[in-house]
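Values in this text are rule-based calculations from the coordinates and carry no lab data. Keep in mind that this is a model prediction, so the values were computed, not measured. Heads up, the Cβs are rebuilt from the backbone with ideal geometry, glycines too, and the neighbour counts pull from every protein chain shown.
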């Protein structure tokens with residue numbers, strides 16, 4: 001009788017040991033599955049989403065700062081000689097640099113606002129099965145997009161007809177965003193070129209300007 005009780009106690013211990021062993025293996029399996037299969041999908045979807053949101057943040061910042069107005073006349077001054085021919089362009093560097101910083105700052109604020117709402121990924125997308133992409137309830141993943149924006153300017157001259165030239169000024173923004181998530185982190189680099197303003201110039205534009213691509217070059221070009 002005593003031996004039977006000991007065997008019964010040992011049997012309970014064995015069952016308990018098996019239960020915790022199976023539970024532990026399942027727990028480790030879920031962690032491995034999440035880390036090596038689900039987590040890369042989350043990062044991939046989040047990275048694509050952040051790139052799209054960064055571009056939208058920049059475009060929204062341009063609209064906010066410029067308020068849908070053409071600032072060409074505020075940035076560029078066209079000087080002519082006594083015969084009415086274009087002699088040189090004057091670039092208001094202080095104003096244009098201030099404009100670039102303001103757009104970058106606003107874009108960064110727009111991007112940071114994304115972190116409060118998070119990124120929603122449908123449950124079907126996490127399975128990795130193509131047929132289930134976008135299917136099922138959406139899971140919200142909190143992210144902390146930490147971005148830094150740097151901007152440069154470039155210009156382009158395009159023939160717009162007889163003795164007419166379309167002068168365009170572009171804002172080139174490079175965004176480096178650190179995507180910080182509970183499961184992982186990733187640095188994402190994106191580039192965007194936005195048409196800042198343009199104007200039709202009547203008169204012959206000197207070849208030295210037509211061959212330049214950046215405003216820095218333009219500022220140093222004074223044709224004879």
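What to note about this one:
- For peptides 127-134, 89-96, 149-156, sequence by mean Cβ density within 10 Å, most packed first: 149-156, 89-96, 127-134
- When each of 157, 27, 34 is scored by the number of other beta-carbon atoms lying within 10 Å, the sequence from fewest to most is 27, 34, 157.
- Here the label points at residue 83 and residue 204, each 7 Å from Cα along the C-beta direction, are separated by 0.7 nm in the simple model.
- Point-to-point label distance, residue 16-residue 33, nm (Cα→Cβ direction, 7 Å offset): 2.8
- For the range 32-219: relative contact order, % (alpha-carbon pairs under 8 angstrom, 6 or more apart): 21
- Separation of the residue 193 and residue 127 label points, Cα + 7 Å toward Cβ, nm: 4.3
- Per-selection Rg to Rh, the range 32-219 - Cα, Kirkwood hydrodynamic radius: 1.15
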